[in-house]
Every structure is written in structure tokens, then in C-alpha cells.
Amino acid sequence: MTANTQRAFILTVLALLMAASRGHVFSHFSPPDASWAVFFAGGFLLRGWSRWAFPLLMALAMGVDAMVISRQATAFWDHYCVSIAYWGLIPAYGLLWAGGNWLRRGYDRASLAQAGRLLGAFLVAVVACQFVAQGTFYWYSGVVPAPTVAGWWQNFLDWLPGYMGTAAVYTAIATALQLAAERVAPLLAGLGQRSAR
């Protein structure tokens, strides 16, 4: 399998996961939203394709939102979660992508040091994403009638654990799959060489 074929497969899986789970933001009939983990994993796994993979996934996220909102017989811009602050998702998700991209630099294979880098990159990227996404919503959506710094900080702290927990579960699954691929690929290559003899 070529590198481009692998990346195309990974992009397809990430897109399907986000499409299947993103409706959770507006509906209770889908799994928890995987978007944050998708953008973090995308930055790590699709580093060479960032110029077009990030905008493609961003367009998909917005398209899913529009589709889910239209099913609620609500105009997109009239929905509670959508305002001028909605555009804050682009830099917010960009920070997740950048975190995964940073993690990929210098990565050769799983190790204890790489696990520490993963934890650091994940925490910084998720907190930064929440800071931008929640901050733009709190200050610019018009939903909060009298925004204050204390109210913003409390709102930030109230929502961060849930978003971080969900992203952590999906990222842990992606990490396990990465470890499995790193361990299984050499075994399969060895079996292929033996059978060719």
C-alpha cells in the first residue's frame, strides 16, 4: 500500500467518523462528537496533506452542522449554536490540527518519550481549542446577555472536562490503532518474506 493510499484511507475513516458523530452536537441519536479528536489525529496522520485535508474536513464539519440544523426546520443562522462566533471553529480546530502536526514532527515510533509528547500536545491543543471555540461563542454569539470575565472563566471550566474527556477517549483509540499498526506491520512483512522463500 502506498503512502498516498494509506492517507486516503485514513482521511476517509476520519471523515466517516466525524460525519457519524457530529450530529451529537444537535441530536442525541449519534455517538459523542469525535470532531476534536478527528482534527488532532488528522494533523498527526495527514501531515503531508494539510493544505487540502484540513479545509476538506472543516467543510465536512460545517456541512454536517447545516444538514442537522435543516432537519430541525431551523434556518442555519437562526440556530442557538450558530452566530458570527461560529467562524471561531476554524482557528479552534486549526489548533487541534497544529497539535497533531507538531506531535508528528520527529516521530519515528511509539516510545515512553513519545507518550509524554502525545500527552503534552493533546492537553495544549485541547485547552487552546476550547479557549478559542468557547471564548468566541461566549463573547461574540450574543447568547450571553451580560458577559463578564468571571462568567467566561466559569463557562470555560464547566465545558472543558466534557470536551477533553470525549476527545481523550477517541484519541486513546487512535493511539491504540497506531501502536497496533506499528507492531503488526513488521510482523506481516516478516511473514510475507518467509512465504516468498
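The values are calculated or read from the model by the stated rules, or taken from the named source; none is laboratory data. This is a predicted model, so every value here is computed, not measured. Heads up, the Cβs are rebuilt from the backbone with ideal geometry, glycines too, and the neighbour counts pull from every protein chain shown.
Yes or no: residue 131 in contact (Cβ under 8 Å) with a residue 60 or more places away in the chain, surrounded by 14 or more Cβ atoms within 10 Å (Cβ to Cβ) and not small (Gly, Ala, Ser)?
So residue 131 does not fit the description; no.
Condition check ((1) surrounded by fewer than 19 Cβ atoms within 10 Å (Cβ to Cβ); (2) more than 14 Å from the chain's Cα centre (by Cα); (3) not small (Gly, Ala, Ser)) across all residues:
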| site | (1), (2), (3) |
| --- | --- |
| 59 | yes, no, no |
| 72 | yes, yes, yes |
| 83 | yes, yes, no |
| 89 | no, no, yes |
| 99 | no, no, no |
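Let's see how each residue does on (1) in contact (Cβ under 8 Å) with a residue 24 or more places away in the chain; (2) touching an Asp or Glu at 6+ places or on another chain (Cβ under 9 Å); (3) surrounded by 13 or more Cβ atoms within 10 Å (Cβ to Cβ); (4) not in a helix (DSSP H, G or I):
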residue: 106; (1), (2), (3), (4): no, no, no, yes
residue: 109; (1), (2), (3), (4): yes, yes, no, yes
residue: 142; (1), (2), (3), (4): yes, no, no, yes
residue: 146; (1), (2), (3), (4): no, no, no, yes
residue: 152; (1), (2), (3), (4): no, no, yes, no
residue: 155; (1), (2), (3), (4): no, no, yes, no
residue: 160; (1), (2), (3), (4): yes, no, yes, no
residue: 180; (1), (2), (3), (4): no, no, no, no
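Go over the candidates 66, 125, 115 one by one and state the one that is out of contact with any Leu (no Cβ under 7 Å at 6 or more places or on another chain) and either assigned to a loop (DSSP other than H, G, I, E, B) or under 24 Å from residue 138 (Cα atoms) (or both).
66
Exactly one of these conditions fails for residue 176: (1) at pLDDT 90 or above; (2) part of a helix (DSSP H, G or I); (3) more than 24 Å from residue 107 (Cβ to Cβ); (4) over 14 Å from the mean Cα position of the chain (by Cα). Give me its number.
Residue 176 satisfies every listed condition except (3).
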